[in-house]
Every structure is written in C-alpha cells, then in structure tokens.
Amino acid sequence: MKKSIINFICILLCVLIPFGAVASVIFFVPAQFGQTFLGALSGKIDRISSIDEPKIVVVGGSSVPFGLDSKLMEEMLGMPVVNFGLYATLGTKLMLDLSEEYINEGDIVVLAPETDAQTYSLFFGAEAAWQAADSDLSLLPKIAKENFGAMIGGAWKYGAQKLKYYLADPENPLSPEGIYRADSFDEYGDIIYPREYNKMALMYDSTLEIKLTADIISKDFVNYVNEYVAKAEKKGAKVLFSFAPMNDAALAADTTLESLEAFESYIAESFDAELISNPNNYIYESGYFYDSNFHLNDAGVVMHTANLAYDIAEYLGKDVLTEVEIPEVPEVPEGITPDFPTEYDENEKYFVFEEKLIGGELVGYNIAGVSELGKAQSTLTTPYAYEGMRVYEISENAFAGSTSLTDIYVTENISNIADGAFASVPTLKKVHIMATNPDNTAVNNLSGELCRGMAQDANFYVKAELLDTFRGNYFWGPYADRIVSE
C-alpha cells in the first residue's frame, strides 16, 4: 500500500513540477511576443470593447487587416467599424469567440474568412493564441472552455520558445523586421504599412491554391457559426456572410462560373448568416495583391473596402454616403524584381525540373526531383536557372530518394517551397535559407505541412541577424521552433 502511495506521489510530482516550471515561464518571464504580428490582438479587443453604439464588425483572418480601410468604410456607411481579423493560425473560431461578448443590439457582424479548409473549420491554434496573449494575459479567460485542453497542450511549446528567446537576449524581446509587427496596425486594427504593388515573384503564391467548393467547409464550422448567429440575433444584432479577397491567378484550374454558383448556393443554404456577396465579385486581378493570395496592396484595399461597403449598404437598403473611385491596378516598377542570373547553372545537373506555366505560357521551372547524380550528394544547392530561365519553386517530395543528403542550400531565387518538399530524406539535418527577406521565399503557413516527412532533428538555418525576422514572419512563424541561426 505504502509503495503504491509513493509511486502515485512520484508520478504526481513528475507532472506538477514540469507544469509548474512552464507556468512560471508563462506568468513571470517578460513578454517576448508583444511586438510580433500576433501581439496586435489585444488592440483589437480594446477597439471592439470601446464602442457602445451600433457598429460594423468584420471577422476573419489576416485578409481583414490587409483588406479593409475602416475609416473609409465608416465614411461610406456612417457607422463605426471594427476590423476584427488577425491571423489564420489563430483560427476563425477564436475570432468568433472573442467577438461574441462585445456584440450588442444594432450591430452588424460580417463574417469573411479566407477561402480555405482551415479557416472554414473549427481549427484552433493554441500556440498562436498563447503568443497573442503573451503581452496581455487578460485575454486568456476569454478563450472558450472547450479549447482549454489545447491551450494546456500548447503551453509547453510556447513556454519553451518564450524562455529560449528571453535567455538569448533578456533586454530585447522578439522584434521582427518589416510589415509583420504589432506596430503595423492603426487604432482601427487595419494594416497601415505601405504596400504599393504586388511583390510576389509570379504575382501569386503557388503554395496556396484557392478552391471554392463545398468540401472545404466543415459541417462543425457551419453549426458553430449558426449558433453564433442565434446568440447575436438574440442580442438584437445581425450576422452577414461575405468573402475574403481572392487572387484570380491562384484559383484552382477547375474553377468555373457554374462551380462558383454552386459554392455560393451551398453557403446560402448552409449558414444562417445572410449571404450578401457574390464570390465572383471578390476574385480580383493579381495586381491588386501584395504578398499572398489574400493580402491586398494599398489600391486593392480601397477596391475591396468599397466592394464590401456597397454590399452592406444594399443589405441595409440605403445609399453609401461617400462614393469611391476604384484605383487602377498598380504596375510593378521596373527593376524591382531581382535580376537573377539565368545562364547555365552548374547545379542544375543535380536536379529534375518541371515547367512553370502561367496562362499556358512558360515562365520558368520548378524543382520536381533529384537526378541520379544528385541523389548521391551530401550537400545540394538549388540552381538559379535551367535552360536559360529562372527556377522558381521546390515541389513536394523534391529530394526524396537522396541517400546521403545532409545539407540543402535554398538560394534566394526560390520564391516558394511546397509542403513536404523535404520529406523522405532521413539523413537531411540542415536546410539553409539564403533569402534575406523571408517574404521572398514563402511557405504555406495555413497548412502547417512544410515539415511533413522531415527528420525530427532537421532545422531551417538563417543568418543570425535575420533570426527574429524569420521566426516572427507571417509565413515562417508557424515553423519558428525549427528555425535556428547559422
């Protein structure tokens, strides 16, 4: 009997001591994520909680802060506007949960998540939620109780990262460069960082195809949204359904007017939120986007804001108070796109390529695999060019079959890395990312599948001075625990 009690106490201590250590890090180590993109969540809560009069609340992911000019919408509709979108890795559910408390009589909630299976589901990003609450722990009690288990599970990884960043530089919390920072937001919750033109190498992100089909919508998500609608209507508010901006170059190849109509009908029939928009009207030319298939540049923001405001006004049965002139598609300035060498690259002999086509036109090549010569190498460097044209991407399973590969150097011409690109190479330990701007070598942050099939001890290596920037980046952030300095 005594032995059983002793065993129980030992087991209990094994559980409580590590948990106590993690709790100490969470609550007593200074905030490390307050300056990151996720650190902007607290300001959004402040905004929505501060408005007592009837307001318009737009709920979604990062396409909302990257796509809305709240002041302009206020001028058009004559109501206060709350930009209540932040980051898809938090999950649409969390944004719904956090907004629910502050929805009052006369409010209009517009639900407009990115058109993706993750954002149309009950996905909940616990680690991202911890980071978002890092500088404002008062957000923690606002998280729905059904997500407490996920939060406890996510606390270990979050706590370890927080302690690692603190120990590395106690005086300087994580502070990424560029647009993906908390101070890129204004008081409305809009991104105000200048975005003049499309900066994507191919004008779209090929790692994130946009599908507008019913199978991307979770049944549980539909039910949850409908429960939210019922609660809002009980308070005297109204919930509407619209769409995030979508890059026409990223649409699935089988998208047709008929499939768009079927998608629109499914949403209208499934959700109790009233559908006020036609998805076809939210598919914009790629020149209006910035750095992802859902993020607009400055001209795109004006167009999208006006588009959504007109739909809301039509629902309300009134005219807009201010007419808006839609800007022309911004042209990418000459000399902005890096002039990578396209003559013969000696590294091409180690790879197998596939054509990169846009609109049926050959624009370059992707790395599809490794040649027999390449499979025997311990170190590989991606080529800049093949057959006189730029190499743009690394495809899924591109290095599978390599027998002794330990290091890969990804040159700065690689604009996108596909999910599972480094799968099935157990010897691979180091992937060196040579880009000086993480946005220029993008990965899929929604899927979280970049590391699928990689060895557990394999990491991404970046220059020491870029470590914070990569770890806090919109695209690379979900893989921060795998990013280390050279």
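Tabulated data
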item	result
Residue satisfying all of: in segment 176-208; over 18 Å from the mean Cα position of the chain (by Cα) and hydroxyl-bearing (Ser, Thr, Tyr); nearest to Pro327 (Cα to Cα) among these	Tyr197
One residue from Ile312, Ile326 being crowded, with 19+ Cβ neighbours inside 10 Å, of a type in the set (A, V, I, L, M) and over 24 Å from the mean Cα position of the chain (by Cα)	Ile312
Answer from Asp272, Asp291 - the residue that is part of a loop (DSSP other than H, G, I, E, B), surrounded by fewer than 21 Cβ atoms within 10 Å (Cβ to Cβ) and in contact with a helix residue (DSSP H, G or I) (Cβ under 7 Å, 6 or more places away or on another chain)	Asp272
Tabulated pairs, segment 284-302, first closer than 16 Å to Ile179 by Cβ, second of a type in the set (Lys, Arg), C-beta under 7 angstrom, 6+ apart or interchain	Tyr290/Arg195; Tyr290/Lys199; Asp291/Lys199; Asn297/Arg195; Asp298/Arg195
Filter result for Asn278 (closer than 26 Å to Val59 by Cβ, crowded, with 20+ Cβ neighbours inside 10 Å and modelled with pLDDT of 95 or more)	no
Residue tally, condition in contact with a Gly (Cβ under 9 Å, 6 or more places away or on another chain) and either free of Cβ contacts under 8 Å to residues at least 12 places away in the same chain or in a loop (DSSP other than H, G, I, E, B) (or both), over segment 381-397	3
Which listed residue, of Asn223, Asn172, is in the same structural domain as Leu308 (by TED's automatic domain parsing), free of Cβ contacts under 8 Å to residues at least 12 places away in the same chain and in a helix (DSSP H, G or I)	Asn223
Residue match in segment 399-410 (condition: among the small types (Gly, Ala, Ser) and crowded, with 17+ Cβ neighbours inside 10 Å)	yes
Qualifying positions in segment 163-180 - over 15 Å from Leu467 (Cβ atoms) and buried (at least 16 other Cβ atoms within 10 Å of the Cβ)	Leu163, Ile179
Segment 184-216, residues that are in contact with a strand residue (DSSP E or B) (Cβ under 7 Å, 6 or more places away or on another chain), polar (S, T, N, Q) and modelled with pLDDT of 95 or more	Ser184, Asn198
Residue among Ser395, Ser371, Ser378 that alone is in contact with a strand residue (DSSP E or B) (Cβ under 8 Å, 6 or more places away or on another chain), surrounded by fewer than 16 Cβ atoms within 10 Å (Cβ to Cβ) and within 30 Å of Ala253 (Cβ to Cβ)	Ser371
Out of Leu167, Leu174, Leu163, sole residue that is more than 29 Å from Val57 (Cα to Cα) and in contact with a Lys or Arg (Cβ under 9 Å, 6 or more places away or on another chain)	Leu174
Among (1) within 30 Å of Thr411 (Cα to Cα); (2) among the small types (Gly, Ala, Ser); (3) crowded, with 17+ Cβ neighbours inside 10 Å; (4) not assigned by TED's automatic domain parsing to the domain that holds Lys375 - the single one Gly364 does not satisfy	(4)
Residues satisfying the stated conditions in segment 146-180, i.e. at pLDDT 90 or above and of a type in the set (Ser, Thr, Tyr)	Tyr158, Tyr166, Tyr180
Residues within segment 255-269 that are part of a helix (DSSP H, G or I) and either surrounded by 15 or more Cβ atoms within 10 Å (Cβ to Cβ) or touching a Pro at 6+ places or on another chain (Cβ under 8 Å) (or both), tallied	6
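The values are calculated or read from the model by the stated rules, or taken from the named source; none is laboratory data. These numbers were taken from a predicted model, which means no experiment stands behind them. All Cβ positions, even for glycine, are placed from backbone atoms using ideal geometry, and neighbour counts span all protein chains on display.
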